[in-house]
Amino acid sequence: MITAVDLHACGEPGRVITGGVLDIPGRTMFEKKAYLEQHADGLRKRMLREPRGYPAANCNLLLPPTNPQAHAGFVIMEQVEYPPMSGTNTICVVTALIETGMIAAREPVTTLILETPAGLISVEAQVETGKVRSVSFENVPAFATHLEQHIEVPHLGTVSVDVAYGGMFYVIAEAQPLGFRLSPDEGRDIVRIGEMIKAAAREQLPVVHPENPGIQGITIAELTGPASNPNAAAKNAVIVSTGRLDWNNPSTWTGAIDRSPCGTGTCARMAVLHAKGKLQLNQPFPHEGILGTIFTGCLVGETQVGSFRAVVPRLSGTAWITGLAQYVIDPEDPFPEGFTVGDIWGAVTDRPLT
C-alpha cells in the first residue's frame with residue numbers, strides 16, 4: 001500500500017508519495033534518483049501511467065534527507081525522466097508536508113530546507129490558519145548556454161532558439177513566429193512543434209552541466225510570447241515529453257503541456273532575459289502559463305557555474321490539495337506497472353530511460 005497526497009500547483013498535478021516505499025540506496029539525493037531510474041523504475045510507471053495516472057501527471061517520492069541541513073528530501077518522477085529539479089513539484093511537496101502536519105507549521109512564515117537531486121533548496125511558505133497560501137524558494141543557479149542560436153528543424157526550417165538551465169536544460173523559442181498565441185485550443189499543435197524543436201536542438205546543441213556531468217542534454221521545450229493576463233509580464237507553454245522511442249525521431253514522440261507557468265522553465269527564461277540585458281536583479285517577473293495562472297520569479301543574485309555566468313532565481317507559487325489516497329496492487333492485476341494506449345499516449349517505450 002502506497003499513501004499519497006494529490007495536489008496541483010497552478011494547474012499542474014504533482015502527486016506526493018508520503019508512505020509505503022522504503023528508503024532508496026544512495027549517498028545523495030542524486031544517487032537515489034539514479035538508483036530509482038536504473039533499478040526501480042516500476043514505481044514511476046505504476047504511479048504515472050493508467051489506471052493511476054495520466055500523461056500530464058507528475059509524482060514525487062518523499063525520502064529522508066542525506067544532508068543534515070535538510071528537513072526532507074524528494075525525488076521527482078515524470079513521464080520520460082527524473083528531473084533534477086522542478087518548481088511545481090517543489091511547491092506541491094512543501095504544501096503536502098505542511099498541510100498534512102509532516103512538518104510543523106509556523107505562522108505566518110514556515111522556513112525549511114529541502115534536498116533535491118539538483119541540490120539544497122531554501123523554502124519559505126506563507127501559512128495562515130494551517131493553510132499554505134504561497135510557497136517561495138530559492139532555486140539552484142540558472143544560466144544560459146546558447147543565445148539566439150539558429151537550428152534546422154525538419155518541416156519548419158531555421159528556428160532561432162535559446163538554451164538555458166533552470167533545474168533541467170530547456171530549449172526556448174518565440175511562439176509568434178511559429179504562429180501561436182499560446183492558448184489552450186492550440187495545445188495539440190504546440191506539443192507537436194515543441195517536440196520537433198526539442199529533438200533538433202538536442203542533436204545540434206549538446207549541453208552538459210559543468211558541475212554534474214550526470215545532467216546533460218536538452219530534455220524540455222518552452223515557447224514564449226506576450227502575456228494574456230494583464231498581471232503578467234510574459235507567457236509560456238512548456239512541453240513535457242510523455243513518450244519517446246528515439247530521441248532523434250520526433251515522429252515517435254508525444255508530449256503534454258505543463259498546465260502551470262512551470263517553475264524551472266520560468267527560472268531558465270529569467271536567466272536568458274538577464275543574459276540579454278532585459279531583466280535586472282530584484283525585478284519581479286510574473287510569468288503566465290497556458291491556463292492564465294501566474295508564478296512570480298525574481299533574480300536575487302549573480303554567481304558562476306563552471307564557465308557560465310549564472311543567476312540565483314527565486315520563485316513563488318501556490319498549490320492546492322485535491323485528494324488523499326492509498327494505492328494498492330492486487331496480486332492478480334494483469335497491469336502491475338500500469339499501461340498506455342495510443343489514443344492519448346501516442347508512442348511509448350518500456351525500455352529503461354536513457
Isotropic mean projected area of the C-alpha convex hull, region 29-93 (nm²)
4.4
Short version: ³J(HN,Hα) in whole Hz for each residue of region 148-162, in order, from phi by Karplus 6.51 cos²θ - 1.76 cosθ + 1.60 (θ = phi - 60°), x for Gly and Pro, what are they?
6, 8, 9, 10, 9, 10, x, 6, 10, x, 7, 10, 8, 9, 10
Would you look at the GNM of the chain, springs on alpha carbons closer than 10 Å, and say which of ASP343, ASP162, ASP41 moves the most?
ASP343
Give the carbon-plus-sulfur fraction of the accessible surface of the chain in %, rounded to a whole number; probe 1.4 Å, heavy atoms of protein chains only.
50
Please count, across the chain, the pairs of lysine residues with Cα atoms under 24 Å apart that sit 8 or more places apart or on different chains.
8
If one builds a Gaussian network model of the chain from Cα atoms under 10 Å apart, the most fluctuating residue listed among LEU120, LEU315, LEU156 is LEU156
With all pairs of different alpha carbon atoms counted, what Kirkwood hydrodynamic radius in Å does region 152-224 show?
12.7
To the nearest whole percent, what portion of all C-alpha pairs in region 231-345 is separated by more than 26 angstrom?
44
The set of residues whose placed amide H lies less than 5 Å from the amide H of LEU7, leaving out same-chain residues fewer than 5 positions away, is GLY14, ARG15, VAL16, THR322
Length gained, VAL328-ASN229, 0.36 nm per residue minus C-alpha separation, equals 31.5 nm
If you work out Cα extents along the principal axes in Å from the coordinates, which of (1) 95, 39, 32; (2) 51, 48, 38; (3) 62, 54, 43 do you get?
(2)
Can you give me the relative contact order of the chain as a percent, contacts being Cα pairs under 8 Å and 6 or more apart?
21
Taking a probe of 1.4 Å and leaving out DNA, RNA and ligands, region 130-190 shows per residue an accessible area in Å² of 43
Taking the chain as a Gaussian network, Cα atoms linked when under 10 Å apart, which of VAL312, VAL94, VAL341 shows the biggest mean-square fluctuation?
VAL341
Compute the FRET efficiency between LEU156 and SER183 as 1/(1 + (r/R0)^6), taking r as their Cβ-Cβ distance and R0 = 22 Å, and round to the nearest 0.05.
0.65
Cα→Cβ-extended label distance, 7 Å offset, between LYS276 and ASP23, nm:
4.6
HN-Hα J in Hz across region 262-279 - Karplus 6.51, -1.76, 1.60, θ = phi - 60°, x for Gly and Pro
6, x, 5, x, 5, 5, 5, 5, 5, 4, 5, 4, 5, 4, 8, x, 9, 9
Whole-Hz couplings from phi, Karplus 6.51/-1.76/1.60, listed for region 214-230; x for Gly and Pro
x, 9, 8, x, 6, 10, 8, 10, 9, 9, 10, x, x, 6, 9, 6, x
What ranking, highest mean first, results for peptides 168-180, 319-331 when packing means the other Cβ atoms within 10 Å averaged over each residue?
168-180, 319-331
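The values are calculated or read from the model by the stated rules, or taken from the named source; none is laboratory data. Since we're looking at a predicted model, the values are computed, not measured. When we count neighbours, we look across all protein chains shown, and the Cβ atoms used for this are built from the backbone with ideal geometry, even at glycine. The accessibility values were calculated without ligands, DNA or RNA, using every heavy atom of the protein model including side chains. Shrake-Rupley method; radii C 1.70, N 1.55, O 1.52, S 1.80 Å.
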